[in-house]
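The values are calculated or read from the model by the stated rules, or taken from the named source; none is laboratory data. Bear in mind that the values here come from a model prediction, so they are computed numbers and not experimental data. Cβ placement follows ideal geometry from the backbone for every residue including glycine, while neighbour counts extend to all protein chains displayed. The accessibility values were calculated without ligands, DNA or RNA, using every heavy atom of the protein model including side chains. Shrake-Rupley method; radii C 1.70, N 1.55, O 1.52, S 1.80 Å.
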Amino acid sequence: MNIHEYQAKEILKDYGVAVPDGIAAFSVDEAVKAAEKLKENGATLFVLKAQIHAGGRGKGRTVKSGAKGVMLCKTVEEVKEGAEKLLGDTLVTIQTGEEGKVVQRLYVTDGVDIQSEFYLGITLDRGTGQNVIMVSTEGGVEIEKVAEETPDKIVKEWIEPGQTLYPSQARRLAFALGLTGDAFKKAVKFIQALYKAFEATDASIFEINPLVLTPDNDVIALDAKINFDDNALFRHPELSELRDLTEENPLEVEAGKFNLNYIKLDGNVGCMVNGAGLAMATMDIIKLAGGEPANFLDVGGTANVETVKNGFRIILDDPNVKVILINIFGGIVRCDRVAGGVIEAVKDPEIAEKVKGVPIIVRLQGTNAEEAKEIIDNSDLNVISAVLLKEAAEEVTKAIAS
């Protein structure tokens with residue numbers, strides 16, 4: 001689960017991580033009041049930030065006003081003018097794609113004098129099964145670009161999940177940033193507090209880019225990105241409340257209501273599969289057949305009539321879908337029951353109307369696969385059965401070409 005920058009900074013603040021003063025705003029009036037309050041507290045410069053779940057806001061532009069997603073404002077009046085341009089407009093960044101995202105929230109923060117910019121990130125290294133903290137002197141730059149062009153500028157420390165970060169590790173990371181004196185001590189404290197927050201919240205990603213050093217030798221998180229592990233949210237109901245559904249794909253939100261693992265993609269072949277590994281293999285087959293996957297959809301181990309119906313509804317709500325490939329392995333669930341579920345689902349009036357002209361290819365393997373194939377073949381519906389993955393791929397190719 002992603003959250004907004006202002007929410008991330010509130011969490012960091014609770015764990016003693018240094019962040020600039022800031023106030024979230026949902027209207028122009030609230031943005032003005034936020035700036036006025038910051039001014040009362042001593043702010044002489046303001047930063048107005050669009051709050052969307054995408055990076056690259058500083059270089060992004062809104063569609064109508066052409067405003068940047070991050071603005072430096074010298075006065076409260078400039079904050080007001082910036083808020084009027086951003087709110088309700090669509091911000092397009094390198095991560096949103098051409099469709100962009102509508103700005104519905106703003107974040108007004110105290111302007112910070114910057115002496116140096118760094119990068120600091122924490123995530124799980126799946127190769128080692130350990131958490132990894134990464135720092136780089138190349139702050140303000142996408143870490144992927146740094147990793148590709150100058151990987152030697154990324155320094156890492158690994159920690160066993162559930163164990164604490166050793167002070168010696170925090171010191172090595174701070175030293176790698178070239179810090180000394182008070183700045184070094186504050187960076188060590190910052191890194192320790194950040195890792196404590198990462199572990200305590202069951203996060204999957206903490207990213208501070210940039211982490212800045214001020215002329216007063218303060219070390220501050222100028223920006224913050226946090227992702228949480230969805231599977232651990234039951235332990236953190238207060239974090240679940242931070243979810244902003246307007247920032248998520250509507251189809252993915254709808255699928256979540258039925259406990260379907262769905263991710264929207266840009267292709268033309270809808271996929272319905274049980275098991276994440278089989279789903280990945282199915283998408284590979286679609287690519288080899290000359291198509292492009294329109295989604296990742298894992299219906300789980302119990303592919304019954306209701307899950308199949310709901311899967312169809314989600315897939316068919318995507319206007320780009322031209323053909324549907326159902327690839328089910330019958331281990332826990334019997335293939336003949338899945339086949340019956342597919343037929344019953346396609347006969348549903350709502351599904352039947354949407355599925356007109358959309359070929360459905362069904363490959364069922366495992367328990368009672370032969371009986372399942374007979375059920376599919378003997379139906380009078382536009383459903384094609386396949387036994388081998390190769391056959392399924394060939395049918396996809398035909399359907400795309402027709």
Which of (1) among the basic types (Lys, Arg); (2) over 30 Å from Ile191 (Cα atoms); (3) touching a strand residue (DSSP E or B) at 6+ places or on another chain (Cβ under 7 Å) does Lys64 not meet, given it meets every other one? (3)
Return yes or no: is Glu247 surrounded by 15 or more Cβ atoms within 10 Å (Cβ to Cβ), acidic (Asp, Glu) and free of Cβ contacts under 8 Å to residues at least 24 places away in the same chain? no
Please note which strands (runs of 3 or more DSSP E) are completely contained in region 8-111 and include at least 3 residues that are more than 28 Å from Ile122 (Cβ to Cβ) and in contact (Cβ under 8 Å) with a residue 24 or more places away in the chain. 70-73
Here is a check on your reading of the model: is Arg334 closer than 23 Å to Gly290 by Cβ and open to solvent by 30 Å² or more (accessible area, probe 1.4 Å)? no
Of those in region 103-113 that are modelled with pLDDT of 95 or more and surrounded by fewer than 21 Cβ atoms within 10 Å (Cβ to Cβ), the residue farthest from the chain's Cα centre (by Cα) is Asp110
Given the condition part of a strand (DSSP E or B), touching a Lys or Arg at 6+ places or on another chain (Cβ under 8 Å) and either among the β-branched types (Val, Ile, Thr) or free of Cβ contacts under 8 Å to residues at least 24 places away in the same chain (or both), answer yes or no: does some residue in region 152-162 qualify? yes
Which residues, taken from region 310-335, are farther than 16 Å from Leu278 by Cβ, in contact with a helix residue (DSSP H, G or I) (Cβ under 7 Å, 6 or more places away or on another chain) and at pLDDT below 85? none
Select from region 376-398 the residues that are open to solvent by less than 20 Å² (accessible area, probe 1.4 Å) and touching a Gly at 6+ places or on another chain (Cβ under 6 Å) and list them in ascending order. Val396
Which one is surrounded by the fewest Cβ atoms within 10 Å (Cβ to Cβ) among residues in region 189-204 that are touching a strand residue (DSSP E or B) at 6+ places or on another chain (Cβ under 9 Å) and among the hydrophobic types (A, V, I, L, M, F, W, C)? Ala197
